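Student: Sharing a structure, written as structure tokens. Questions coming.
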Amino acid sequence: MVSPNTELAYNSKIEGDLVVTRADAVINWIRANSMWPMPMGLACCAIELMASAASRFDIARFGAEVFRFSPRQSDVMIVSGTVTYKMAPHVRRIYDQMAEPKWVIAMGACASSGGMYRSYATLQGVDRIVPVDVYISGCPPRPEALLDALMKLQAKVQRSPGTTKELLSASA
Amino acid sequence: MTAPADVFAAVQSQFPAVTARPTLDHPSINVPVGDVVAVLTHLRDVQSMDFLVDVTAVDWGVEATPRFSVVWHLLSTTKNNYVRVVAACGSDTEPVAPTISHLWAGANWHERETFDLLGVRFEGHPDLRRILMWDGYPHHPLRKDFPLAGIDTPLPDLEVGELTKATAAPAPMMGGPFVASVGEMNMTDAEPSAKDESWSERSNKPATL
């Protein structure tokens, strides 16, 4: 195929060392591609969470391989497992300790709705104590489902409007 | 190997108040709650029942008297036999049993669990705190008058409870408890489901049932 234009890519010789874009797009792009998870592994879903981090499923492909066991350094809390009422306040405390911006993935039936534990001891969905961005069905979900949730969360972050405005008003 | 009957005869010759208890598996004896420590010491030291398998309790129902029985399961690792020791608690409202955590250290957590879930106090226990539910939880969940769904209770952390407005609320049962169909090959039909799906949290249970 013959095309008159052979320079489809960005040509720095012509356009200079400069890319024009919007701050929102850049900040969202950076946020979406370096989501460090806070692994809130509470039950068997945590095994699938660990599998997602290992080489076969390799969550590093999405920039989320840096599992931080300190809430101060993490961006997305992956609640993987049954949240008991005894544990619920600690989950909320750890969420409160995470720095903004922060997101939550409810991984599996238990974290999403209490799952099969319809009992006096189990919180019926982690959304009763923290705001949840993405829910994953399954008991436990396969690692692919977690990766899908992460991609959905990335898409959500990338299309979030007014990021720069928020940052400026927060710093003002 | 000591025959089961021999264990019972040997115990009863020492403790006349001990009676045989109907059982489907292993020899089982009824013991007055005051004799429990002496009987268990005898079983451990003389009958070489050296391994404490379990300490638990039974709630026979709100109307029953005696309402609570404490159960100990012992195993002899040398003679390969079990024995079950059952003692009915004197009080139906404040059940009390003696601790045996000085005989078997492992009884410590078993007794804490029994106290937590059934509210049996073990006298002389070195540290009788709740072990599964949080400190300050006001109920004993395995008692017969406690509903499976739970009773509305504040969260263990009052600050978080105030912030999130969440409580340890009764779980939605939606016509449950949920039962799986045994032997069902169709995976959809085999899913655990409520036996009575005519009511849920949104539409109340019919009064005619």
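Please treat every number below as a calculation from the coordinates, not as lab data. This is a predicted model, so every value here is computed, not measured. FYI the Cβ positions are ideal-geometry reconstructions off the backbone, even for glycines, and counts take in every protein chain you see.
Student: Just to be sure I understand: with springs between alpha-carbon atoms less than 10 Å apart, which residue in B:ALA97, B:ALA180, B:ALA105 has the highest mean-square fluctuation in the Gaussian network model of chain B?
Tutor: Of B:ALA97, B:ALA180, B:ALA105, the most mobile in the Gaussian network model is B:ALA180.
Student: Let me ask another. Report ³J(HN,Hα) in whole Hz for each residue of region A:58-69, in order, from the Karplus equation J = 6.51 cos²θ - 1.76 cosθ + 1.60 where θ = phi - 60°; Gly and Pro get x.
Tutor: 6, 5, 4, 4, 10, x, 10, 7, 8, 6, 9, 8
Student: Per DSSP H run of n ≥ 4, the term is -39500 (n - 2.57); total these for chain A, divide by its residue number, and report the mean residue ellipticity at 222 nm rounded to 500 deg cm²/dmol. Numbers along the way, then the final one.
Tutor: On the way: 7 runs with 64 residues, N = 172.
Taken over chain A, the calculation gives -10500 deg cm²/dmol.
Student: Tell me which of B:MET173, B:PHE122, B:THR19 sits at the most positive position along the dipole axis of the protein assembly as shown, charges placed on C-beta atoms (Lys, Arg +1; Asp, Glu -1).
Tutor: Positive-end residue among those listed: B:MET173.
Student: At a Förster radius of 30 Å, what calculated FRET efficiency corresponds to the Cβ-Cβ distance of A:LYS13 and A:LYS165, to the nearest 0.05? Present the calculation step by step, with values, prior to reporting the outcome.
Tutor: Details: r = 36 Å, r/R0 = 1.18.
According to the calculation, E is roughly 0.25.
Student: Measure off 7 Å from each Cα along the Cα-to-Cβ vector at B:THR167 and A:ARG61, then give the distance between these two points in nanometres to one decimal.
Tutor: The modelled label-to-label distance comes out at 4.8 nm.
Student: For B:ASP35, B:ASP25, what's the fewest-to-most ordering of other Cβ within 10 Å of each Cβ? Intermediate values should be presented prior to the final figure.
Tutor: Details: B:ASP35 19, B:ASP25 7.
With the fewest neighbours first, B:ASP35, B:ASP25 line up as B:ASP25, B:ASP35.
Student: Residues of B:161-171, mean number of Cβ from any other protein chain within 10 Å of their own Cβ, rounded to a whole number?
Tutor: 5
Student: Using the charge dipole of the protein assembly as shown (Lys, Arg: +1 at Cβ; Asp, Glu: -1 at Cβ; taken about the Cα centre), state which of B:LEU142, A:ILE129, B:THR56 has its Cα farthest towards the positive end.
Tutor: Positive-most Cα among the choices belongs to A:ILE129.
Student: Using per-residue counts of other Cβ atoms within 10 Å, averaged over each peptide, order B:144-153, A:75-84 from highest down.
Tutor: Values: B:144-153: 14.4, A:75-84: 25.6.
The densest-packed peptide leads the list: A:75-84, B:144-153.
Student: Suppose R0 equals 25 Å; then what is the FRET efficiency for B:THR93 and B:ASP127 from their Cβ-Cβ distance, rounded to the nearest 0.05? The partial results should precede the final answer.
Tutor: Values: r = 24 Å, r/R0 = 0.95.
Using R0 = 25 Å, I get an efficiency of 0.60.
Student: If you don't mind, there's one more thing I want to ask. Taking springs between alpha-carbon atoms closer than 10 angstrom, which of A:TYR120, A:TYR85, A:TYR95 fluctuates most in the Gaussian network model of chain A?
Tutor: Of A:TYR120, A:TYR85, A:TYR95, the Gaussian network model singles out A:TYR120 as fluctuating most.
Student: Same structure again: With +1 assigned to the C-beta of every Lys and Arg and -1 to the C-beta of every Asp and Glu, and no other charges, what is the dipole magnitude of the protein assembly as shown about the Cα centre in debye, to the nearest 20?
Tutor: On the way: 33 positive and 42 negative charges, 109 e Å.
About 520 debye.
Student: Sort out for me the Cα centre separation of region A:157-172 from region B:85-156, rounded to whole Å.
Tutor: Spelled out, the Cα-based centre of one part sits 52 Å from the other.
Student: If you don't mind, there's one more thing I want to ask. Counting alpha carbon pairs within less than 8 Å and at least 6 residues apart, what relative contact order, in whole percent, applies to chain B?
Tutor: Working: 349 pairs, mean separation 25.8, N = 209.
That works out to 12 percent.
Student: Please report, in whole Å³, the volume per residue of the convex hull around the C-alpha atoms of chain B. Kindly include the intermediate steps, with their values, before the conclusion.
Tutor: Working: hull volume 41.2 nm³, N = 209.
Cα-based convex hull of chain B, divided per residue, equals 197 Å³.
Student: Size of the dipole of chain B about the Cα centre, Lys and Arg at +1 and Asp and Glu at -1 on the beta carbon, nothing else charged, in debye to 20?
Tutor: Details: 15 positive and 27 negative charges, 89 e Å.
In total the dipole reaches around 420 debye.
Student: Counting partner chain Cβ atoms within 10 Å of every residue's Cβ in A:77-89, what's the average?
Tutor: Working: counts 0, 0, 0, 0, 0, 0, 0, 5, 12, 10, 2, 8, 11.
Across A:77-89, the average partner-chain Cβ count within 10 Å equals 4.
Student: What is the calculated FRET efficiency for B:GLU63 to B:ALA180, with r their C-beta to C-beta distance and R₀ = 22 Å, to the nearest 0.05? If you can, show how the numbers build up before the last one.
Tutor: Details: r = 31 Å, r/R0 = 1.43.
It comes out at approximately 0.10.
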